[in-house]
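Written below as structure tokens is the structure these notes are about.
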Ligand SMILES: [Zn+2]
């Protein structure tokens with residue numbers, strides 16, 4: 001994340017520095033903070049591009065809390081802002097080690113991929129710039145990196161399960177993996193088929209996340225690619241939420257409800273992010289989302 005005025009980035013909740021949000025990295029300090037919902041701007045005074053942080057606590061820090069606060073300060077002191085600009089997202093090619101997007105990029109480059117393929121590079125920057133909520137972008141990023149806490153990923157980290165728990169939350173037959181949950185499972189596949197029908201495309205999709213995404217955003221012409229990306233991101237986001245409901249809250253899978261939710265959310269995001277639409281008729285669009293090409 002690139003810090004501009006800092007008035008839209010929540011200090012504790014948004015993932016703007018390091019590899020997690022600060023409330024997750026420093027839960028104790030978050031608990032002790034007097035300004036849990038504060039923006040970056042409200043947490044200090046920016047002089048040029050550096051910040052003099054003025055964090056306030058609901059009691060005097062001592063012992064481990066003080067140590068944690070020192071660690072927190074040394075982390076946030078690395079942040080730089082461009083106060084003349086709006087807060088925003090974009091890749092920072094210059095290596096200053098401050099921002100999460102860059103951290104993400106570095107992680108990507110260092111893991112298994114000593115050289116990043118140009119089109120892969122584009123995928124990440126595309127996702128970070130997509131007009132969708134932050135959580136949706138990070139979920140997509142984790143899916144593409146194979147880092148969502150599906151059962152197989154948790155098992156690799158020695159989290160143990162009862163036998164039934166390792167099964168897919170939807171079909172309850174196959175083992176739960178990222179590719180299975182989002183693309184391969186016949187229930188997820190039904191959703192994608194419905195979405196494809198909605199945008200007027202009938203094709204067989206790859207069951208691997210990255211290939212699926214690339215094929216999907218290329219289903220229309222250039223003018224459609226951002227819309228298609230938003231559709232893709234929204235679909236995986238809703239499938240993931242549904243998976244959690246099915247897995248942990250005994251939810252019942254209902255394809256129609258899920259597909260309707262996906263479309264309605266996309267419409268809402270298009271409004272919120274001021275994306276151009278072909279039509280202003282929600283009902284017609286809900287029935288059939290026409291592409292340019
Ligand atoms: Zn399944």
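Taking a ≥ b ≥ c as the square roots of the eigenvalues of the Cα gyration tensor, an a/c ratio of 1.5 or more together with a/b larger than b/c marks region 118-287 as prolate. Our note on the geometry: Cα centres of region 12-91 and region 181-200, 41 Å apart.
Taken together, the values in this text are just the output of simple stated rules run on the coordinates, not laboratory data. These figures come from a predicted structure and were not determined experimentally.
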